[in-house]
Amino acid sequence: MALPRVTEMAHELVARHLRPGGRAIDATVGNGHDTLFLATCIGTAGRVDGFDIQPEAIAATAAKTADLPQVRLHLLGHEEMGRIVAGPVDAILFNLGYLPSGDKGLATRPATTLAALDAALGLLSETGLLAVVAYPGHEGGREEASAVEKWFQNAQGLRVVRYAPLPRPSGNEPPCLLVAERRARTVDGDHSSFIVQE
Ligand SMILES: C[S@@+](CC[C@H](N)C(=O)[O-])C[C@H]1O[C@@H](n2cnc3c(N)ncnc32)[C@H](O)[C@@H]1O
């Protein structure tokens, strides 16, 4: 069986924190794959709030989730989530970068991503999971991925795990997944990491 890609691993870990009736945020809805996944995990008794700055992304996600009343979409930057959503939230997923086949100039940016992470942490439940997929291989992506890693390293009270393919010596930097839960739930404390070769 193949090792999961970072986005598949994000789904696997997020699913462990979601039950029917649960609460989730998709911080970057894009084409709606992640929103649909979160909505399926929590069912019609739950609620997913999804954010994106591009009308095309909101439209694509709305079309994919048209018959799912648990999905609320917001044409707004994720840095606004604290103003729109009331916590606690069980899982918050960021899939950074740009809309595939869209305008690469409208990719996520470090300043707003970090502001959104601050807001997400304020909304996360005591047993919730915060997951970020970052893409250091694209233009501007390295800067953003480094800023996100630093944010996780400095965040108080979190246990953070990093999952990423081992970079090839000559290849692009692969995407990585950072997942965090509140440290109170853990037995052995500190940051940990594991790396796999894809
Ligand atoms: C890699 S795509 C997301 C993929 C998506 N989750 C999916 O399942 O298809 C990244 C998205 O982030 C969006 N984005 C960029 N800046 C944003 C911001 N400040 N707030 C919310 N979304 C943003 C882009 O418009 C783009 O659609």
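The values are calculated or read from the model by the stated rules, or taken from the named source; none is laboratory data. Everything numeric in this text was worked out from a predicted model, so none of it was measured. Note: ideal-geometry Cβ built from the backbone for every residue, glycine included; neighbour counts use all protein chains shown. We work out accessible area using only protein heavy atoms, side chains counted, and drop any ligands, DNA or RNA first. Shrake-Rupley method; radii C 1.70, N 1.55, O 1.52, S 1.80 Å.
Descriptive notes on the structure:
- Filtering region 109-121 to residues that are of a type in the set (Ser, Thr, Tyr), open to solvent by 10 Å² or more (accessible area, probe 1.4 Å) and out of contact with any Gly (no Cβ under 6 Å at 6 or more places or on another chain) leaves nothing.
- Among the residues making up region 63-89, those that are under 23 Å from GLY105 (Cβ atoms) and not in a strand (DSSP E or B) are LEU76, GLY77, HIS78, GLU79, GLU80, MET81.
- Residues satisfying the stated conditions in region 110-134, i.e. within 12 Å of the ligand (Cβ to nearest atom) and either more than 12 Å from the chain's Cα centre (by Cα) or assigned to a strand (DSSP E or B) (or both): PRO110, ALA111, THR112, LEU114, ALA115, ALA119, ALA131, VAL132, VAL133, ALA134
- Test for ASP103: is it within 13 Å of the ligand (Cβ to nearest atom) and in contact with a Leu (Cβ under 8 Å, 6 or more places away or on another chain): no
- Of all residues in region 99-110, exactly one satisfies the criterion of being of a type in the set (D, E, K, R) and closer than 18 Å to LEU178 by Cα, namely ARG109.
- Among all positions in region 36-56, there is at least one residue which is of a type in the set (Lys, Arg), more than 9 Å from the ligand (Cβ to nearest atom) and either without any contact (Cβ under 8 Å) to a residue 40 or more places away in the chain or more than 15 Å from LEU130 (Cα to Cα) (or both).
- Qualifying residue in region 122-135 (condition: open to solvent by less than 40 Å² (accessible area, probe 1.4 Å) and either under 18 Å from LEU75 (Cα atoms) or at pLDDT below 95 (or both)): no
- Members of region 58-96 found to be over 26 Å from SER125 (Cα atoms) and touching a helix residue (DSSP H, G or I) at 6+ places or on another chain (Cβ under 9 Å), listed by number: LYS64
- Entry remark, region 5-48: residues being open to solvent by less than 30 Å² (accessible area, probe 1.4 Å) and part of a loop (DSSP other than H, G, I, E, B) number 9 in total.
- Region 72-98, residues that are closer than 17 Å to CYS176 by Cα and either out of contact with any Lys or Arg (no Cβ under 9 Å at 6 or more places or on another chain) or more than 9 Å from the ligand (Cβ to nearest atom) (or both): ILE92, LEU93, PHE94, ASN95, LEU96
- Where ILE92 falls short, out of the listed (1) in a helix (DSSP H, G or I); (2) in contact (Cβ under 8 Å) with a residue 24 or more places away in the chain: (1)
Every residue, every condition in (1) touching a strand residue (DSSP E or B) at 6+ places or on another chain (Cβ under 8 Å); (2) of a type in the set (A, V, I, L, M, F, W, C), yes or no:
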site: THR113; (1), (2): yes, no
site: LEU117; (1), (2): yes, yes
site: LEU130; (1), (2): yes, yes
site: PRO136; (1), (2): yes, no
site: ALA147; (1), (2): no, yes
site: GLN156; (1), (2): no, no
site: ALA164; (1), (2): yes, yes
site: PRO175; (1), (2): yes, no
site: LEU178; (1), (2): yes, yes
